[in-house]
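Since the structure comes first, as structure tokens, the remarks are kept for the end.
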Amino acid sequence: MALVLNEEQGMLRDSVKAFLSERAPVAHLRKLRDSRDALGFDRQLWRQFADQGYSAILVPEAQGGLGLGAVEAGIIAEALGRTLTPWPFLSTAVLAARTLARAGSPAQQTELLPKIAAADVVIAYAVDEASKHRPAAIAAKAARDGSGWRLDGAKTFVLDGHVADRFIVAARTSDLGLTLLLVDPRAAGVQIERTLMVDAHNAARLRFDGVRIGADAVLGKADAAGAVLDEVLDLGRAVIAAQLLGLADAVFELTLAYLKERRQFDRAIGEFQALQHRAAELYIDIELTRALVLGALQAVDENPAKAALLVAQAKAHACTTADRAVQEGVQMHGGIGMTDEFDIGLYMKRARTLQELLGDAGFHADRVAAMNGY
Amino acid sequence: MSELETFRRETRAWLEANCPAQMRQPVASESDACWGGRHFKFQSEAQRRWLQIMGERGWTVPAWPKAYGGGGLSKEEAAVLNAEMRALGCRPPLVSFGIWMLGPALLAHGTEEQKLEHLPKIARGEIRWCQGYSEPNAGSDLASLATKAEVHDDHLIINGQKIWTSYADEADWIFCLVRTSTAKKHTGISFILFDMESPGVSTRPIVLISGKSPFCETFFDDVRVPRRNVVGELNAGWTIAKYLLTHEREMIGGIGERSNVKPLGEFAADAVGRDASGRLSEASLRAQIARFEIDEAAFRLLLQASGDRARRGEGNPAMSSALKFYGAELNKRRWELMISAAGADGLEWEGERSNEGTLARTWLRSKGNSIEGGTSEIQLNVVAKRILGLPGV
């Protein structure tokens, strides 16, 4: 398969980019942050976004979705990365949509997938329990309780947790087995604490104390969620890598423009070779990430056997590139880069969050080594 | 079945029937390659035969026109041939600067007479070429070259010195940049071809830090060259030089791409051992290798993506500078990690155990990757100006 977008994908990229830069540019995030918005996102705008079909990408056609793939979801995420738009796209339209499509019962699918497509529901994905992403160490426990389950444990870094209509919780149900459970946030024993994050995007800590859950809340088979979880997390990681790519692109555009415009010593600072070479290296890194991210997204869609390795490579590379982009961005902007008024700081904060999300560069480099047999 | 599929089947069958078994062994070192030329000593009868039968089909240069000794294949067919050769592990029958560099330049800029005279001999491996570009005082600033060619009615007289001439001591002919006018820097340069056996040509090998001598100093003392050996217009050689440098960059940039080599992680694990859980026992080396493999995977996909973009007419010619820069830096990193993984064993310089210090010598040789064919700094200048549009010198 050619490592370029096809015509439809190119049109999707252009349209979502135009939509976001017009309706939800960085200023939109800034306004939500400064007003300490209770929801942390604008539900009306998010619905307009869904009206374009952008939330329906991964929802199967049978449930009113577009039935498209990771490449298209990556295109949306890349655009969201450029504008830092804080919508529940990753949690709901990617992680939850793919989990439901893969493992959901017909009843669960019929209830939730059309709502995801229409942006009528927020579903938060609760996996992490500690400061670092370590899905192999999930300790939240669901024990059999009559015909249902009793859930105990805590989750952290749960995106959109305080505004969610439903959680998907990964819980240990046996020594080796994990189970994915649909949990109602209003159930007795659920505690939700919104955590205001450095990037002004939504996240929460959750506690479950003896939460009773019906048998119909299991997604797929009990004790056997490992494979679905791995697949969904890898999809999420590839999509986050695309978001980091969009972010790096946007930061680089800002920085490059500044290099051409800012004058010191009677010349544009972009004339100085010390800066030119760093800009050129950053450009090359971004192009490398672009190729690798598209390769990973394509593999998720077309070549599952190779997807895990490519996704780990892509997430690691995108983390490193975006990190370089924001570091250079702030440094090359000089003093103005340190001011809250200027957008570059918002990009730096968001890049840090996206790096941690579902595994940083070190986590994924370790996976690459393990998969390559050393 | 599509025509291309038929071609694929026939090609595979022909290769299976005709490629000698010895020529399907992995290439172990640079000396396994067939460079051709008047004085080339074939390593084996199989190597000689493989060159001969591939040359007869024009498949040493599959995409060149048949009239010039090529295979007359379309780009797609040539890609199929390449893929089938790789699948069967067939060695390239011939490698040479004639194929990679002069050939493309002559096809684009040569006269019909020049094409007919030189291209078939390149295709059949009869003449081995070297490249006379750099001079002691013209490295990164190549256009300041001073080797002088005095223009007479039907010939030129060349005086001067070239340096870093790859394999000049083994080459039969040279393609060379010479100064035919001092009026202007870039538009006083001509691109000229001549026989290394011409009176007045001498070469002296340069010993590198690797202990090997792939490069020479080359001296010209009143060398007489027929006027018809100038390629393109007189004083217009810089255009051809730039065209060729792009090819060279792509070639050196592709160094990171190699088949039949043990993956780095495996090589390192064999060298330094594994812990109880099977991980490479040096944690820091393991992390560095993983980061390297990630970057290498990205580079391989960027090469592919650049090709795909170019086929769509969306490519940027300056991208070859980006690829050259990154491929060279990546290859240097590869050999740094290899020599580090090998530890003290990798430092043995002579003897059978180290295959005469192959690892150490290759590690040292790789340091030239970011100097030859335009330094990394020059490539970054090109990216900064031609792609990013940054102002300045």
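Please treat every number below as a calculation from the coordinates, not as lab data. Only a predicted model underlies this, so the values are computations on that prediction, with no experimental measurement involved. Don't worry about glycine lacking a Cβ; one is built from the backbone with ideal geometry, like all the others, and counts go over all protein chains shown.
Along the charge dipole of chain B, pointing to its positive end and built from +1/-1 on Cβ of Lys, Arg, Asp and Glu, which listed residue (B:GLY357, B:PHE191, B:LEU81) has its Cα farthest out?
The one lying farthest along the dipole's positive direction is B:LEU81.
Need the C-alpha centroid separation for the range B:14-75 versus the range A:314-374, integer Å.
Each part reduced to its Cα centre gives a spacing of 48 Å.
Report, in deg cm²/dmol and to the nearest 500, the calculated mean residue ellipticity at 222 nm for the protein assembly as shown, where each DSSP H run with n ≥ 4 adds -39500 (n - 2.57) and the sum is divided by the residue count. Please report the intermediate quantities before stating the final value.
Working: 22 runs with 346 residues, N = 767.
Rounded to the nearest 500, the figure is -15000 deg cm²/dmol.
Return the Cα extents of the range B:37-148 along principal axes one, two and three, sorted largest first, each rounded to a whole Å.
Here the Cα extents, ordered largest to smallest, are 46, 31, 27 Å.
Find how many whole Å separate the alpha carbon centroid of the range A:233-279 from the alpha carbon centroid of the range B:218-244.
So the separation of the two Cα centres works out to 42 Å.
Report the rotationally averaged projected area of the range A:125-219 based on its alpha-carbon convex hull, in square nanometres.
Answer in nm², one decimal: 5.8.
Where a Cα-Cα gap under 30 Å defines reach, which lysines qualify for A:LYS141, not counting those fewer than 8 residues away within the same chain?
A:LYS115, A:LYS132, A:LYS155, A:LYS221, A:LYS315
Below 12 angstrom from the Cβ of A:ARG324, what's the summed charge of the other residues (Lys, Arg +1; Asp, Glu -1)?
Summing Lys/Arg as +1 and Asp/Glu as -1 gives -3.
Along the range A:111-116, what does the Karplus equation 6.51 cos²θ - 1.76 cosθ + 1.60 (θ = phi - 60°) give for ³J(HN,Hα), rounded to whole Hz, x for Gly and Pro?
Going residue by residue, I get 6, 9, 4, x, 5, 4 Hz, with x marking Gly and Pro.
Is the C-alpha gyration tensor of the range A:81-175 telling us rounded, prolate or oblate? Criteria: a/c under 1.5 is rounded; beyond that, a/b larger than b/c is prolate, otherwise oblate. If you can, show how the numbers build up before the last one.
Numbers: a/c = 2.21, a/b = 1.24, b/c = 1.79.
Because a/c hits 1.5 or more and a/b fails to exceed b/c, the range A:81-175 counts as oblate.
Classify the range B:129-237 from the C-alpha gyration tensor, please: rounded if a/c falls under 1.5, else prolate or oblate depending on whether a/b exceeds b/c.
On the way: a/c = 2.20, a/b = 1.43, b/c = 1.54.
Verdict is oblate for the range B:129-237.
Translational diffusion coefficient of the range A:33-141 at 25 °C, 0.890 mPa s, Stokes-Einstein with Kirkwood Rh over Cα pairs, in µm²/s as a whole number.
165 µm²/s
Along each of the three principal axes of the Cα atoms of the range A:226-371, give the extent in whole Å, ordering the values from largest to smallest.
So the extents along the principal axes, rounded to whole Å, are 60, 27, 23.
Under the definition of partner shielding as Cβ atoms of other protein chains within 10 Å of a residue Cβ, what is the mean value for peptide A:87-93?
0
Would any residue of the range A:4-27 have its amide N under 19 Å from a label point 7 Å out along Cα→Cβ of A:ASP51? List them or say none.
Inside the label zone: A:15-25.
With +1 on each Lys and Arg Cβ and -1 on each Asp and Glu Cβ, how big is the dipole of the range A:125-219 about its Cα centre, in debye rounded to the nearest 20?
Its charge dipole is roughly 160 debye.
What FRET efficiency would be calculated for the residue pair A:ALA27, A:GLN331, taking the C-beta separation as r and a Förster radius of 25 Å, to the nearest 0.05?
0.55
Taking all pairs of different Cα atoms in the protein assembly as shown, averaging 1/r and flipping that mean, what Kirkwood radius in angstroms comes out?
29.3 Å
Take the Cα pairs of the range B:161-300, get the Kirkwood Rh, then feed it into Stokes-Einstein at 4 °C and 1.567 mPa s and tell me D in µm²/s.
Approximately 68 µm²/s, per Stokes-Einstein.
Sticking with the crude label model, points 7 Å out along Cα→Cβ, report the distance from B:ARG274 to A:GLU7 in nm, one decimal please.
The two pseudo-label positions are separated by 5.0 nm.
Against the longest alpha carbon principal axis of chain A, how many degrees, from 0 to 90 and to the nearest 10, is the axis of helix A:7-23 turned?
80 degrees
Just to be sure I understand the model, the point goes 7 Å from the Cα along the line to the Cβ. What's the resulting B:LYS66 to A:ALA130 distance in nm?
6.9 nm
How many partner chain Cβ atoms sit within 10 Å of a residue's Cβ in peptide A:281-293, on average, as a whole number?
Average per residue, whole number: 6.
Averaged over B:277-290, how many beta carbons belonging to a partner chain fall within 10 Å of each residue's beta carbon?
3
Grab the Cα-Cα distance for B:GLN304 and B:ASP345, subtract it from 0.36 nm times how many residues apart they are, and report the gain in nm with one decimal. Display every interim value, and only then the final one.
Working: separation 41, 0.36 × 41 = 14.76 nm, distance 3.62 nm.
Length gained, B:GLN304 through B:ASP345: 11.1 nm.
With unit charges on the beta carbons (Lys and Arg positive, Asp and Glu negative) and the dipole taken about the Cα centre of chain B, which residue among B:LEU303, B:TRP164, B:THR218 sits farthest to the positive side?
Sorting the options by dipole projection puts first B:LEU303.
In a shell of Cβ-Cβ distance under 15 Å around B:HIS155, excluding B:HIS155 itself, what net charge do Lys and Arg (+1) and Asp and Glu (-1) give?
-1
Cα atoms only: what Rg and Dmax, in Å, come out for the range B:261-387?
Over the range B:261-387's Cα set, Rg and Dmax evaluate to 17.5, 52 Å.
If you place +1 on the Cβ of every Lys and Arg and -1 on the Cβ of every Asp and Glu, how big does the dipole about the Cα centre of chain B come out, in debye to the nearest 20? All intermediate terms of the calculation are to be shown ahead of the outcome.
On the way: 49 positive and 50 negative charges, 132 e Å.
Result for chain B is approximately 640 debye, rounded to the nearest 20.
Using DSSP, restrict attention to beta bridges with both residues in the range B:94-179 and report what percent are antiparallel, rounded to the nearest 5.
Bridges in the range B:94-179 are about 50 percent antiparallel.
In whole Å, what is the distance between the alpha-carbon centres of the range A:40-110 and the range A:156-183?
Using only Cα atoms, the two centres lie 19 Å from each other.
Give, as a single signed number, the net charge of other residues whose beta carbon lies under 13 Å from the beta carbon of B:GLY55, with Lys and Arg counted +1 and Asp and Glu -1.
Result for the neighbourhood of B:GLY55: +4.
With viscosity set to 0.890 mPa s and temperature to 25 °C, compute the Stokes-Einstein D of chain A, Rh being the Kirkwood radius across alpha carbon pairs; µm²/s, no decimals.
116 µm²/s
Hey, got the dipole for the range A:226-371? About the Cα centre, +1 on K and R Cβ, -1 on D and E Cβ, debye to the nearest 20?
220 debye
Using only the Cα atoms of the range B:3-95, build the gyration tensor, take square roots of its eigenvalues as a ≥ b ≥ c, and label the shape rounded, prolate or oblate: rounded if a/c is under 1.5, else prolate if a/b is larger than b/c, else oblate.
oblate
In degrees, nearest 10, range 0 to 90: what is the angle between the Cα axis of helix A:273-302 and the longest Cα principal axis of chain A?
Around 30 degrees separate the two axes.
Of all beta bridges DSSP finds with both residues in the range A:125-219, what is the antiparallel percent, to the nearest 5?
Looking only at bridges with both residues in the range A:125-219, the antiparallel portion is about 90 percent.
Could you sort the peptides B:331-341, A:235-245 by per-residue average Cβ neighbour count (10 Å cutoff), highest mean leading?
So the peptides B:331-341, A:235-245, ranked by packing, come out A:235-245, B:331-341.
Using per-residue counts of other Cβ atoms within 10 Å, averaged over each peptide, order A:342-348, B:140-146 from highest down. Let's see the in-between values first.
On the way: A:342-348: 20.6, B:140-146: 15.7.
Put in order of decreasing packing, that is A:342-348, B:140-146.
Within the range B:1-71, which chymotrypsin sites (Phe, Trp or Tyr not before Pro) sit in a loop by DSSP and count at most 16 neighbouring Cβ atoms inside 10 Å?
Here the sparse-neighbourhood loop sites are B:PHE42.
Two decimals is fine: what's Rg over Rh for chain B, C-alpha atoms, Kirkwood radius as Rh?
0.97
Go through B:LEU177, B:SER320, B:TRP64 and say which Cα lies farthest out towards the positive end of the charge dipole of the protein assembly as shown; charges sit on Cβ, +1 for Lys and Arg, -1 for Asp and Glu.
Toward the positive end, the furthest listed residue is B:SER320.
Show which lysines lie in cross-link reach of A:LYS31 when reach means a straight Cα distance below 23 angstrom and same-chain residues fewer than eight apart are skipped.
The reachable lysines, counting only those whose Cα sits under 23 Å from A:LYS31, are A:LYS17, A:LYS349.
Pulled fully out, how much extra length does the chain show between B:ILE53 and B:ILE157, if you take 0.36 nm times their separation in residues and subtract their Cα-Cα distance?
Value of the extension gain: 33.5 nm.
Suppose we keep just the DSSP beta bridges with both residues in the protein assembly as shown; what percent of those would be antiparallel, to 5? Present the calculation step by step, with values, prior to reporting the outcome.
Working: 59 of 70 bridges.
For the protein assembly as shown, the DSSP antiparallel bridge percentage is about 85.
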